[in-house]
Each structure stands twice: as C-alpha cells, then as structure tokens.
Amino acid sequence: MTLEAVARGRGRRALRRRTVLTVLGVLVAALYAINLMFGKTFYPPDDIVRVILGERVPGATFTVGTLRLPRATLALLAGVCFGLGGVTFQTMLRNPLASPDIIGISSGASAAAAFAIVTLGLSESATSAFAIAAGLGVALIIYLLSFRDGVAGTRLVLIGIGMAAMLESATSYVLSTASQWDLQEVLRWLTGSLNGTTWGETVPVAIALLLLGPLLLSQGRNLFMLQLGDDMAAALGVRLELTRLLLIVAAVGLIAFATAACGPIAFVAFLAGPIAARIIGPGASLLVPSALVGALLVLVADFAGQYAFSIRYPVGVVTGVLGAPYLIYLLIRTNRAGGSL
Amino acid sequence: MTAEHSLQVENLTLGYKDRVVISELDLPIPPGKITAIVGANACGKSTLLRSMSRLLAPRTGHVLLDGRQVHRMPAKELARTLGLLPQSPIAPEGITVADLVGRGRNPHQRMLSRWSAQDDLAVATALDATHTGDLADRAVDELSGGQRQRVWIAMALAQQTDVLLLDEPTTFLDVSHQVEVLDLLTDLNASRGTTIVMVLHDLNLAARYADHLIALADGTVHAAGPPGDVLTEDCVRAVFGLDSRVIEDPTSGKPLMLPLGRHHVSSTLT
C-alpha cells in the first residue's frame, strides 16, 4: 500500500515537472520568435525562417539577420547562463542571496571587461578571457576571505556584497575615463545591455554554454544532494571537494562569459532560481527550470525595454526594476530568520 | 542485507587545526550489534563518528571497513555499505517525506540512470519500517520533531546500508519519542542484522539499548564493553567528573545511573 502511494506521489510530481518544463520551453521559444518578428517593422515567420536558412530577403536580411537574430540569441543564451550560474551558487551555499550577481562575481567579470575594453583596448575574445579569469579570481578571493573552519553561507554573502561594491566603483572609475563616443558601450558594463549585439559577442557565449553546460548538468544530481547539507551529502556518496570545484568552475565560467558579452544583466542570476523553485514545486532539481526561467526573463525584459516604453531602456534596467524589490524582501526575511533556497 | 561487516578504528588521531581531539585511538566495533558512544561534551564523540564515515580525514591511523581504509574507498561504494545520519541534516524547503527519503537512494543510482521500481520499493519499505508511510506526501517542514527524526532514519534505511552511524539521534526529542527511535533502531538491528553505532547523551538509555558501550574521555577510550561492565560509579566519575550511584534498573536489569548533585540527596549517601 505504501509502495503504491510512493509510486503515485512520485508520478504526480514527475508529471508536474514535465508540464512545467514543457510550458517554460514553449514560452521561451515563443518569446524568441516574437523578438525576431516584432519591432519597428513586422516580419512574418516565413521571412524569419528564410533569413535563418541564408536566403536574401529584402529588408529582413539586415533587420532580422544582422540586428535581431544575434540580439535575441544572445538574450536567450545569456539568460540560460545567468540562470544556471545563479541557481548553482544559491543551492551550493544554501542561501538565496549567494547569487553571483550579489556576491561580486559578476561585478568582477564586468569590471575586468570594462578595463580590458576601455583601458587596454583588447579584442573581444581577449576581453572574454580576461573577464573569466577575473570572475574566477574574485570567486577565489571571496572563498578564501570567508574561510574559517569551512565556509558559512552568510559570511560569504556579506564579504561578497562588500566585494561587489568595491568592484562596481572600480568599473565606474574605468568608465569615467572612457571617451564620449563609447557611451553606448559603457552602459553595457553598468547594468547590462543587448544594444548593438553582433555575432562576435554571441558566439563565445554559445561555445561556453556548449562546453560548461553539460559539465554543470553532469553535477546536477550532486548539487541536488548538497541541499541536505555537506555532511549528509557526503554520507550519501557525494565527493564534496571535487563536486564543489566542478560546480564553481562551470558556474563562474558561464556567468563570466555571459557578462563579458552583455554586461551583468541585473538580478537575472539572482531571480531565476527562486522563481523556478516556486513554479516547479519543492524537492525537484532546479538547474534546467532555472535556465529556462533565466532565458525567459532576459527575452521578456529586453523586448519590454525596447518597445514597451516611449524611451528605449537597456535590458538590465528592466530586470533591475523587477529584481530590486525581491532583494529587499529577502534581506528583510533573512534578517528575521536564517533563510534558505 | 544481513552481511556482517567489520568496522575498526586503528591508531586514529583526529583534530581541527592545532587542536587534537582524538589521539591514537584503537577501537573495534562489534559487527551486527548496537554500539553506543557516550562521553562528556566536546570529548570527540561526534568527531570520531564523522571520521568513521570519512567526513574528516585522520591525522594518523585509519578507519577500516572489512579491512579497507574508508578514506580510500570510492565515495558511492562506501555509501552503499555505511550510512551516517548527522546531527543536524537540512531538509530542503517544502520537500515531501517520500522525496526526502528517496534521496537516500543516491549511492545506488548512476549519473544518468532513471528512478527504478527497486528504488520505489526501498523507499516504501523504509517508510513502513519507521511507521511514516501515511506521511509520504506531507511536507517535512510540517512534521513534529519526533516524526521528522523518524523520516531522517527512513532516509538512512532507504540507503540500505549494513552499517549505520547516528550522531545523537534522540536529541531534541521528548522521552516517548526517544524511546520510540531507539526501539526502531533495535528492531532494525534484530530484523536485518544492521550494525548500529550511535552517539547518545542519555547514559541510561545508552546502557539499556546498547549491546556494547564505549565511554570516551579526553580523546581516548576510558572503558568499552557490555553496559553492565562499563557503566560504573568510577566510570561516571572519570568520564563526567560526577559522583553517582549506579543501581540495577528494575525494568531491564541493565545499570541505571543516578547522579549525586549538591542538593536533594539524602545525607546517608553523601
């Protein structure tokens, strides 16, 4: 009897998971298509398909092929990267505030990228490499600074928030030395923007996701076990050090590549996991749903930022407006009791 | 399932930073029996248990499971033979009892393998054994302390290990739930021959439920053996620095320790 109840309950939760993932997948695909079709000029789906297949369509080849396609693709990929990186840190440290964009890892990548472009004048690939190295470096520094008989989530978060503030002021300083005509580019490093995206920015993110995404997913089950606490996870056969190392490298890599391409799109990494957890229900693995939620957030926010208001806002401004109230809510709640994801 | 495994601690030294907690400890664990470890606060009980389940690397010596060093064994292989219930495991927010117990199946699953009927069976058996079957779809957060502890034990049972280590499984439970948990572990030992090693605070419950009692003091074994031999007035004084009377427990025939404090003691005893 218990056996039937167990199997039935599991079946019910698996069905909910499949349903949620399908709905999210369809929404992401729909938003991607909308981002390609709509704009100042509307292009029907068959024009879009023809452009993607490489045919020349007057007007559409430039507007869709050169402007919208790389932009929407980067929105999708960066959203996935932020969603995966964010939920990995939040789960690993069992603290919803421990997202890379709160604890300074995104800020590190963003400061390094701004420095590389504005001050050093590096190429796109060199900038990416520089941003990734900085992201990893900052992660390492935060980890070492918060280490005292193991790493406590709250201490790491506080040190990370301080680190983020320092790095953001470094970014502001670098930007103040930038020339006037770089302003559009400059905005990218402050809040994150997809304006003027080309394939040159999109392709490195796609490659990073192809390499690091599977690595992260391969550790999905171990990450899932870490929710029970380090001791319990280890007792259930998780190799803690190896798992942590792989998770950190993959998550920081994804965040840094995405940040190098479009700046630290505010709060996407921070919001994707908790939203995914809310809709998929407790006790489920969060990696894939968070990736989809992240993509959805960026696609919606970029579309809204471009067309919903009389002025065009960069995507990071829109996500920032969405994310800030949630951050305040979490800070209040964590102050009252130890919160966890 | 009923295979008996030898678990042995040899010349084990453990510590954190420059503090040595356990020094050069030799300790055989009798297979197929219930062993309770008692001792004063901070005497290294939990540290010893953590090292036996390879959560803490030894400074010297080793922990041997069937003659193999646990710190060299593949993590999942060890987790199929030896389970640990730590002192304060964390239940993810909102998780259902069945899901939590299902996590105990991790060492039996491969990276890409799907959930099997065997996993369902193990979970259901564990729920039945701990009388938590009717809680299967409830959220763990909503349960009482006693229910929650039974659920954690169910998770350890779903792991299907022949050796089970428990770090203070009865802490924070009222007396009826303490007895319930210890009865449950005794059932498990009797029906499956599971070797059980637990750290316990309550000396009298330890003496009643354990086949083998280990009294730790200052990082070494003060005494080890059947509770009747170990729990003596001298032992309590040496281990806890406390005067006591030890009498025969009229309900079980095991030793029963009565502490002698400075107050409320008849003058004939002091």
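The values are calculated or read from the model by the stated rules, or taken from the named source; none is laboratory data. It should be emphasised that the depicted structure is a prediction, and the values quoted were computed from it without experimental measurement. Neighbour counts run over all protein chains shown; Cβ positions are idealised from the backbone, glycine included. Surface areas here come from the heavy atoms of the whole protein model, side chains and all, with no ligands, DNA or RNA. Shrake-Rupley method; radii C 1.70, N 1.55, O 1.52, S 1.80 Å.
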If you restrict to DSSP beta bridges whose two residues both lie in the protein assembly as shown, what percentage is antiparallel, to the nearest 5?
60
Order these peptides, A:119-130, A:102-113, B:215-226, B:45-56, by their mean beta-carbon neighbour count within 10 angstrom, highest first.
A:102-113, B:45-56, B:215-226, A:119-130
Given a 1.4 Å probe and no ligands, DNA or RNA in the count, how much accessible surface is buried by A and B, both sides, to the nearest 100 Å²?
3000
Coordinate range along principal axes, alpha carbons of segment A:181-256, Å, largest first
57, 23, 15
Among the trypsin sites (Lys or Arg not before Pro) within segment A:1-42, which fall in a DSSP loop and have no more than 11 other Cβ atoms within 10 Å of their own Cβ?
A:Lys40
For segment A:134-206, what relative contact order do you get, as a whole percent, if you take Cα pairs closer than 8 Å and at least 6 residues apart?
17
Hey, what number do you get for the protein assembly as shown at 222 nm if only DSSP H runs of n ≥ 4 count, each worth -39500 (n - 2.57), divided across all residues, to the nearest 500?
-17500 deg cm²/dmol
Can you give the accessible area of B:Trp115, probe radius 1.4 Å, in Å² rounded to 10?
80
For segment B:7-259, what % of the accessible area comes from carbon and sulfur atoms, probe 1.4 Å?
49
In segment A:1-35, which residues give up 20 Å² or more of accessible area once the other protein chains are added, compared with their chain alone (1.4 Å probe)?
A:Thr2, A:Leu3, A:Ala5, A:Val6, A:Arg10, A:Arg12, A:Arg13
Quick check on packing: order A:260-267, B:132-139 by the mean number of other C-beta atoms within 10 Å, highest mean leading.
A:260-267, B:132-139
What is the antiparallel percent of DSSP beta bridges lying wholly in segment B:133-270, to the nearest 5?
65
Gaussian network model of chain B, springs between alpha carbon atoms under 10 Å - residue of B:Thr35, B:Thr251, B:Thr125 with greatest fluctuation:
B:Thr251
Inter-chain shielding of B:21-31 (mean C-beta neighbours from other protein chains, 10 Å cut-off)
0
Across the alpha-carbon set of segment A:80-238, Rg over Rh with Rh taken as the Kirkwood radius works out to 1.01
Summing +1 per Lys or Arg and -1 per Asp or Glu among the other residues with Cβ less than 9 Å from B:Met257's Cβ gives 0
Report the Cα-based extents of segment B:7-259 along its three principal axes, largest first, to the nearest Å.
55, 42, 31
Report, ordered by chain and residue number, the lysines lying within cross-link reach of B:Lys17, taken as a straight Cα distance under 18 Å and ignoring same-chain residues fewer than 8 apart.
B:Lys45
Sparse-neighbourhood loop sites, GluC sites (Glu not before Pro) in segment B:1-85 - DSSP loop, at most 16 other Cβ within 10 angstrom:
B:Glu4
Segment B:131-195 and segment A:239-304: distance between their alpha carbon centers, rounded to Å:
36
Report the relative contact order of chain A, percent, no decimals, based on alpha-carbon pairs under 8 angstrom and at least 6 residues apart.
29
Roughly how many Å² is the accessible area per residue of the protein assembly as shown, as a whole number, for a 1.4 Å probe?
44
Give me the percent of Cα-Cα pairs in the protein assembly as shown that sit more than 43 Å apart, rounded to a whole number.
33
Can you check what the Kirkwood hydrodynamic radius comes to for chain A, Cα pairs only, in Å to one decimal?
20.6
With all protein chains present, chain A has a carbon and sulfur share of its accessible area (1.4 Å probe) in percent of 69
For segment A:153-215, which GluC sites (Glu not before Pro) are both in a DSSP coil and crowded by at most 12 other Cβ atoms within 10 Å?
none
Ranked by GNM mean-square fluctuation in chain B (Cα springs under 10 Å), the top entry among B:Ala206, B:Ala190, B:Ala117 is B:Ala117
The simple spin-label model distance between A:Arg333 and B:Thr171, using points 7 Å out along Cα→Cβ, in nm, is 2.8
Average Cα contact separation per residue, segment B:7-259, under 8 Å, 6 or more apart, as relative contact order %:
24
Select from segment B:115-163 all residues whose loss of accessible area on going from the chain by itself to the full protein assembly reaches 50 Å² or more (probe 1.4 Å).
B:Asp120, B:Asp137
